[in-house]
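Accompanying notes for the structure given below.
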Amino acid sequence: MTVFTKSRDETIKLGEEIGKRVQPGDVIAMEGTLASGKTTLTKGIAIGLSVEESVTSPTFTLVSEYYGRLTLYHVDVYRLDSPEDFINIGGEDMLYGNGITIIEWSEKIRNLIPSSAIKIVMNITGPESRKIEIENWNYGDL
């Protein structure tokens with residue numbers, strides 16, 4: 001499925017719809033260049049999960065945890081050197097737990113991502129517009 005958003009607010013609204021529909025144990029593997037909207041979409045997903053905290057990029061903390069309808073693990077693997085580094089920070093627990101795990105820069109650990117993961121590829125099409133490709137989405141049209 002491909003979705004086009006024209007603004008930051010539309011990207012957040014799309015994320016909110018995703019967040020309302022995801023189920024315990026879902027993994028969302030995100031890919032996209034810098035500033036493509038991965039964290040913006042994650043902010044919307046958090047809203048859909050009834051997370052009250054403000055979501056920020058976990059670039060320097062690697063993993064941020066938020067609590068709402070389900071626990072949200074927001075992981076940024078950009079600075080990791082290897083898939084083993086992901087395992088060492090407790091990655092397997094996040095991949096196979098009961099929360100929702102969002103992994104930014106997931107292509108760096110592609111061989112660890114479950115085949116059932118929801119894959120989201122973000123592409124910049126304009127200053128605020130995005131082309132968002134979603135694979136393995138089984139929760140209806142967005």
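Worth pointing out:
- Looking across the stretch 33-82, the residues that are aliphatic (A, V, I, L, M) and farther than 24 Å from ASN98 by Cβ come down to LEU34, ALA35.
- Inside the stretch 111-133, residues that are assigned to a strand (DSSP E or B) and either modelled with pLDDT under 95 or in contact with a Lys or Arg (Cβ under 7 Å, 6 or more places away or on another chain) (or both) make up a count of 3.
- Where helices (runs of 4 or more DSSP H) fall entirely within the stretch 1-110, those with at least 2 residues that are acidic (Asp, Glu) are at 8-21, 83-88, 91-95.
Table: residues versus (1) of a type outside the set (Phe, Trp, Tyr); (2) touching a strand residue (DSSP E or B) at 6+ places or on another chain (Cβ under 9 Å); (3) within 17 Å of ARG8 (Cα to Cα).
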{"position": "GLY32", "(1), (2), (3)": "yes, yes, yes"}
{"position": "GLY44", "(1), (2), (3)": "yes, no, yes"}
{"position": "VAL55", "(1), (2), (3)": "yes, yes, yes"}
{"position": "LEU72", "(1), (2), (3)": "yes, yes, no"}
{"position": "ILE87", "(1), (2), (3)": "yes, no, no"}
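- Whichever residue in the stretch 38-70 is of a type in the set (S, T, N, Q) and open to solvent by less than 40 Å² (accessible area, probe 1.4 Å) and, among such residues, is farthest from LEU80 (Cα to Cα): THR40
The values are calculated or read from the model by the stated rules, or taken from the named source; none is laboratory data. Everything numeric in this text was worked out from a predicted model, so none of it was measured. Note that each Cβ is placed from the backbone with ideal geometry, even for glycine, and that neighbours are counted across all protein chains shown. Note: areas computed on protein heavy atoms with side chains; ligands, DNA, RNA excluded. Shrake-Rupley method; radii C 1.70, N 1.55, O 1.52, S 1.80 Å.
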